[in-house]
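Report on the structure given below.
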Amino acid sequence: MIQLGKTRVDKVRMLVTPVSDYNILISMDDLISLGAVIDFQKNSIYFSKYEVRVTCDGKSSESRSAMTKPQEVLDFLAMFSKVFVKEVHEELPPARKLMHRISIIDPTKLLKTPTFKVPQALMTKYKAWINKQMNAGTLHRTSVPGGASMFVEAKSDGRIRPLVDLRFRNDNTEADQTQIPEQSTILNAVARG
């Protein structure tokens, strides 16, 4: 029987090998803490913190693996500069064929949303943010029944975080049942190239 934390397995097939056959053993906790990237296509583990790649090579003189010289790390920021922009564009992207829609359960239901005050110390930054967004076309003044007021919080770096309390509106919104891809699946796909 094997027990790891709360997981208990009565029978399991295992590969047993002498520890003396290996120069190093790396646990999963170590891989995570060292920020290791496992590349199954290259049969390697890359430790970006130390710029070292450990390669599992069947032709190596070592029992299982050999360490190689640091290899070049891909510059994803440069490769995908349209995605990882330094500053958010000041205009809306072009309209696409598929537009997102939010379905309301009862459009006639008027919601009484809470009103929040903006601290006077943040008012200058708040007004500047509103003007920037209005000039970009991402924000515009309108009159709607049951509108929700905006407010801001100060960030630790001196900037502001604009917020809207939409909890009451969310109660009158049909839930979107589209599943979001699991983050680890996306990261693994990117790591494999």
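The values are calculated or read from the model by the stated rules, or taken from the named source; none is laboratory data. Here the structure is a predicted model, which is why all the values come from computation and not from measurement. Cβ coordinates were reconstructed from backbone atoms using ideal geometry, including for glycine residues, and neighbour counts include every protein chain displayed.
Within region 152-163, can you find the residues that are over 22 Å from the mean Cα position of the chain (by Cα) and assigned to a strand (DSSP E or B)? Hits for region 152-163 are V152, E153, A154. Annotation note: of A36, A66, A78, the sole residue that is of a type outside the set (V, I, T) and either assigned by TED's automatic domain parsing to the domain that holds N131 or modelled with pLDDT under 80 (or both) is A66.
Does T124 satisfy the criteria of being of a type in the set (S, T, N, Q) and in a loop (DSSP other than H, G, I, E, B)? Before the answer, list the steps.
On the way: of a type in the set (S, T, N, Q): yes; in a loop (DSSP other than H, G, I, E, B): no.
Criteria not met by T124.
For region 85-105, does any single residue satisfy the condition of being hydroxyl-bearing (S, T, Y), under 30 Å from S44 (Cα atoms) and either more than 25 Å from the chain's Cα centre (by Cα) or not in a strand (DSSP E or B) (or both)? The answer is no, given that none of the residues of region 85-105 is hydroxyl-bearing (S, T, Y), under 30 Å from S44 (Cα atoms) and either more than 25 Å from the chain's Cα centre (by Cα) or not in a strand (DSSP E or B) (or both). Name the pairs whose Cβ atoms lie under 8 Å apart, with the first residue in region 166-188 and surrounded by 12 or more Cβ atoms within 10 Å (Cβ to Cβ), the second among the charged types (D, E, K, R), and 6 or more positions between them or separate chains? Hits for this filter: F168/K112; N172/D106; N172/K109. Among the residues examined, K117 qualifies as in the same structural domain as N170 (by TED's automatic domain parsing), assigned to a loop (DSSP other than H, G, I, E, B) and either over 30 Å from A191 (Cα atoms) or touching a helix residue (DSSP H, G or I) at 6+ places or on another chain (Cβ under 8 Å) (or both). Just checking, does region 128-147 include any residue being assigned to a helix (DSSP H, G or I), surrounded by 13 or more Cβ atoms within 10 Å (Cβ to Cβ) and in contact with a Gly (Cβ under 9 Å, 6 or more places away or on another chain)? Scanning region 128-147 turns up no residue that is assigned to a helix (DSSP H, G or I), surrounded by 13 or more Cβ atoms within 10 Å (Cβ to Cβ) and in contact with a Gly (Cβ under 9 Å, 6 or more places away or on another chain). The listed residues are K86, K155, and the only one of them that is under 30 Å from D39 (Cβ atoms) and free of Cβ contacts under 8 Å to residues at least 60 places away in the same chain turns out to be K86.
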